[in-house]
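Please read the structure below before turning to the comments.
The values are calculated or read from the model by the stated rules, or taken from the named source; none is laboratory data. Note that the structure is a prediction, hence the values are computed from the model and not measured. Cβ placement follows ideal geometry from the backbone for every residue including glycine, while neighbour counts extend to all protein chains displayed.
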Amino acid sequence: MPVELKTQRDGSLRNTWYGRYEINGRKHYLNLNVKVAGTPPASRSVRDEGDTAFERSRAAALAKLNSIVEEASSQRDSARLVEKLYEIKTGESIKSVRLDELGEEWAKIPRKRNPNERYGSQCQSTLKRFAARVRQENTKAEEIAHVTRTVARAFMDTESKRGVTAKTWNDTLKLLRATFKHLLPAGAINPFSDMPTRETETVFRKPFSPEELKSILDVAQGDEFLRPLLIAGICTAMRRGDCCLLKWKDVDLKQRFITVKTAKTGQTVSIPIFPMLQDELTARAGKLDTPPCPPPGRGGEGRQTGSEVRGQKADGGYVFPEQALMYLENPDGITWRVKKVLATALGEKIEEEDGDSRSSSLRLEQVPDDELRRRADEYFATLPDSDKTRRMKGVFDLYLGGKKVCEVATAAEVSKGSVSHYLNAVEDAIGCRVVRGRPEGTGMAAQLKRGAGLLGMDRASGKRRASVWDFHSFRVTWVTLALTAGVPLELVQKVTGHKTTDIVLKHYFQPGREAFRQALHSAMPKLLTNGQKSPKDEMREIVGGMTAKTWKADKARLMELMMKM
């Protein structure tokens, strides 16, 4: 346990003593705040003696160092005693979790279902950012037990300054609270336990009208990749992933029912197959060598990887194998293809790559390859360490090396659509041209991100705009049309898989004002509607009482009522 002298940069001695000691394998070096008095030895070595005043200050410094070491040892022994008592009482030993192992230990927490790759990557990124922030604020903090409530609040304040939405802030809080709850020993104080969540801003997706659905299908009519997915989404209210990964074993064409376990909630839903989807599925089944025959027992199996989808036989497995492959490799690619169709069908004026009327703000800078690579490397460094990030970087490197899109797709073992999406994503993120042969250097995805006023809206807070119309809107549309038409809520829940009616009514039942008014008008007693009939009721009465003598007058009345609707 030596005490030491330390010199300044100019070679002069510092005016206080320093001490060095080791506890439990860890070395410590600190300023003892004891002044160096008298005249030190000419050699400036603590092995030699100085004058009397110097030796007294050395003794005082050594006494303080001994006191510090004794206190540290006592604290260590107390901690060991607590750990031993816990082990005797519970039969389990306390495991100290290091901050740099937080993500690894989080992944080992027992769960009913393993998180998907995307969610797991997001959680790992958040935990890594948290650990780095804690060590930045306190270099001595090495274990989660060193995280105090003050440190926890400071990190959440940092998240607020990043400009995230209240929902993202709440998700981060819940992740850290649950992680510390599972990893801290029983009885330990969770630094996130008393921190309240924030009030969130809910932006509801809008349902499509029947006319808008027809327009969407008309636009996608020639798209053999996207049209089947849109039909599945419109007719089943299933989420994007469930539509892409639908399997033949879950489809009963004879009884006209789909019975599948949803990926998000794990609920088994039963969905009747509407004629439009029946025609699509029947046509696809007719192209198989072996007609699909679902065995007893549905759903619940794990998802396949992209390589497993490629090696799959045509007579089994996924109903939409190409779409399943793209979803597993690059789900955002499907999102942008859907948004392009919606933007076209709903009237969004976005020019194609060779258009002349684009805003100059959408034009991207042309830079040399070395500068392009530097910017791209900086962008990749901000992304989480995941398979998707590695695929994106591999695609970029191959393309920048001079390969064509088809050659990159083969070398990287991804689809050409995925290659296009990855390059567009990099291009949009770094603000300069990546794709060769594109006059303005801006793709549809980038244009939608910058100017899709029709498909999204600004939030009160947050770093990204809220999506109003996307693939999930088909689910909202299905629920809204069903409930407006009088389908019992219990039957709607069997299709959507929601356990509570509150979720369905709050987030999915979004009728337009006129449709809402007509539905209530038809359902309410005549007393509340002042004896007035809804246009639909009047039309039913006219058609029911129509005769050969009155058909002309009845036709005119029907046309008049149709104009009012």
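The requirement of being outside the structural domain of GLU143 (by TED's automatic domain parsing), under 17 Å from ALA324 (Cβ atoms) and either among the charged types (D, E, K, R) or over 27 Å from the mean Cα position of the chain (by Cα) (or both) is not satisfied by LYS214. Going by the conditions given, is GLU142 in contact (Cβ under 8 Å) with a residue 60 or more places away in the chain, farther than 21 Å from THR389 by Cα, surrounded by 14 or more Cβ atoms within 10 Å (Cβ to Cβ) and not assigned by TED's automatic domain parsing to the domain that holds THR382? Considered against the rule, which asks whether it is in contact (Cβ under 8 Å) with a residue 60 or more places away in the chain, farther than 21 Å from THR389 by Cα, surrounded by 14 or more Cβ atoms within 10 Å (Cβ to Cβ) and not assigned by TED's automatic domain parsing to the domain that holds THR382, GLU142 comes out as no. Taken as a whole, the structure places LEU5 among residues that are more than 50 Å from the chain's Cα centre (by Cα) and closer than 28 Å to THR139 by Cβ. Scanning the range 490-507 turns up at least one residue that is in a loop (DSSP other than H, G, I, E, B), surrounded by fewer than 19 Cβ atoms within 10 Å (Cβ to Cβ) and at pLDDT below 80.
Confirm whether ASP252 is closer than 30 Å to LYS112 by Cα, modelled with pLDDT of 85 or more and within 23 Å of the chain's Cα centre (by Cα). No; evaluated as a whole, the condition is false for this residue. Among residues of the range 254-279 that are among the aromatic types (Phe, Trp, Tyr), those with a beta-carbon under 9 Å from a residue that is in a loop (DSSP other than H, G, I, E, B) and surrounded by 14 or more Cβ atoms within 10 Å (Cβ to Cβ) at least six positions away or on a different chain give the pairs PHE257/ILE273; PHE274/ARG256.
Give the residues of the range 1-32 that are of a type in the set (Asp, Glu), in a strand (DSSP E or B) and at pLDDT below 85, sorted by residue number. Across the range 1-32, the qualifying residue is only GLU22.
Can you name every residue in the range 158-173 that is β-branched (Val, Ile, Thr) and in contact with a helix residue (DSSP H, G or I) (Cβ under 7 Å, 6 or more places away or on another chain)?
Listed by number, the residues that qualify are THR158, THR172.
Going by what's in this entry, would ASP242 be described as modelled with pLDDT of 85 or more, acidic (Asp, Glu) and either under 23 Å from ASP332 (Cα atoms) or not assigned by TED's automatic domain parsing to the domain that holds PHE225 (or both)? Yes. Within the range 178-194, if we keep just the residues that are more than 14 Å from LEU127 (Cβ to Cβ) and in contact with a Lys or Arg (Cβ under 7 Å, 6 or more places away or on another chain), the residue that is surrounded by the most Cβ atoms within 10 Å (Cβ to Cβ) turns out to be PRO191.
In the range 40-61, the residues that are farther than 12 Å from LEU13 by Cβ reach residues that are assigned to a loop (DSSP other than H, G, I, E, B) and among the polar types (S, T, N, Q) with C-beta atoms within less than 6 angstrom, at least six apart or across chains, in these pairs: ASP51/THR39. Residues of the range 148-168 that are surrounded by 16 or more Cβ atoms within 10 Å (Cβ to Cβ) and under 21 Å from LEU99 (Cβ atoms): VAL151, ALA152, PHE155, MET156, GLU159. Residue under question is ASP397, and the condition is that it be in a helix (DSSP H, G or I) and among the acidic types (Asp, Glu); does it hold? Taking the combined requirement at face value, the residue satisfies it. Using the structure shown, decide if TYR327 is within 15 Å of LEU245 (Cα to Cα), at pLDDT 85 or above and out of contact with any Gly (no Cβ under 9 Å at 6 or more places or on another chain). Criteria not met by TYR327.
Sub-9 Å Cβ pairs linking a first residue in the range 110-137 that is not assigned by TED's automatic domain parsing to the domain that holds ALA263 and among the acidic types (Asp, Glu) to a second residue that is part of a helix (DSSP H, G or I) and surrounded by 12 or more Cβ atoms within 10 Å (Cβ to Cβ), at least 6 apart or interchain, are GLU117/ASP387; GLU117/LYS388; GLU137/VAL151; GLU137/ALA154; GLU137/PHE155, ordered by first then second residue. Mind checking whether some residue in the range 202-225 is in a helix (DSSP H, G or I), among the basic types (Lys, Arg) and at pLDDT below 85? No - not one qualifying residue is present in the range 202-225. In the set (1) under 28 Å from SER125 (Cβ atoms); (2) at pLDDT 85 or above, the condition left unmet by LYS404 is number (1). Scanning the range 375-394 for residues that are part of a helix (DSSP H, G or I) and among the hydrophobic types (A, V, I, L, M, F, W, C) returns ALA376, PHE380, ALA381, MET392.
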